[in-house]
1. Kindly provide the set of residues from the stretch 87-101 that are without any contact (Cβ under 8 Å) to a residue 12 or more places away in the chain and open to solvent by less than 50 Å² (accessible area, probe 1.4 Å), ordered by number.
2. Which residues, counting only those in the stretch 14-56, are open to solvent by less than 100 Å² (accessible area, probe 1.4 Å) and either in contact with a His (Cβ under 6 Å, 6 or more places away or on another chain) or hydroxyl-bearing (S, T, Y) (or both)?
3. Restricting the search to the stretch 1-13, which residues are outside any strand (DSSP E or B), of a type outside the set (D, E) and open to solvent by less than 70 Å² (accessible area, probe 1.4 Å)?
4. Among what's in the stretch 69-86 and is small (G, A, S) and open to solvent by less than 80 Å² (accessible area, probe 1.4 Å), pick the residue that is modelled with the lowest pLDDT.
5. Restricting attention to the stretch 53-61, does a residue exist that is part of a loop (DSSP other than H, G, I, E, B), within 19 Å of G16 (Cα to Cα) and of a type in the set (D, E)?
6. Please tell me if F71 is part of a strand (DSSP E or B) and in contact (Cβ under 8 Å) with a residue 60 or more places away in the chain.
Amino acid sequence: MAAKLKKGDKVVVLAGKDKGQEGVIASVDPKSGKAVVEGVNMAIRHTRQSQTEQGGRLPIALPVQLSNLAFLDANGKATRVGFRMEGDKKVRFAKTTGDVIDA
């Protein structure tokens, strides 16, 4: 199945402790159905100091379920993503406005 949400998409969180927060998708794991969104679902991870890197308490973004994310259209509103054929190419489009997401 084609990915409705991809790396680099601007999304909003629909449910959970970070509901309403916006961010950009850093990575997507289609097998587990989760995505890492920058600045959302942050947790503190303790890391040991090494010769190359400073240790300490580092904030890290944890994965969010894809069903709890919605794409932000050009107007800044949450929308669903659909697919359609334009010529011989399959493109994603925003259901609210009908605008093509990736040309």
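The values are calculated or read from the model by the stated rules, or taken from the named source; none is laboratory data. On a predicted model such as this, the values are computed, not experimentally measured, just so you know. As a convention, Cβ positions derive from the backbone with ideal geometry for all residues, glycine included, and neighbour counts pool all protein chains shown. Areas reflect the complete protein model, heavy atoms only, side chains present, ligands, DNA and RNA absent. Shrake-Rupley method; radii C 1.70, N 1.55, O 1.52, S 1.80 Å.
1. Matches in the stretch 87-101: G98 only.
2. S27, S32, T47, S50
3. The first filter runs over the stretch 1-13 and keeps only residues outside any strand (DSSP E or B), leaving 1-9.
Checking the rest, the ones that are also of a type outside the set (D, E) come to 1-8.
Scanning the stretch 1-13 gives A2, A3, L5, G8.
4. First, pick out the residues of the stretch 69-86 that are small (G, A, S): 70, 74, 76, 78, 82.
Add one more test, that the residue is open to solvent by less than 80 Å² (accessible area, probe 1.4 Å), and what stays is 70, 76, 78, 82.
Working: A70: 95, G76: 89, A78: 94, G82: 93.
Checked the stretch 69-86; the qualifying residue modelled with the lowest pLDDT is G76.
5. To start, the set of residues in the stretch 53-61 that are part of a loop (DSSP other than H, G, I, E, B) comprises 53-55.
Next, from what is left, pick out any that are within 19 Å of G16 (Cα to Cα): none.
The answer is no; no qualifying residue exists.
6. Details: part of a strand (DSSP E or B): yes; in contact (Cβ under 8 Å) with a residue 60 or more places away in the chain: yes.
Yes: the conditions hold for F71.
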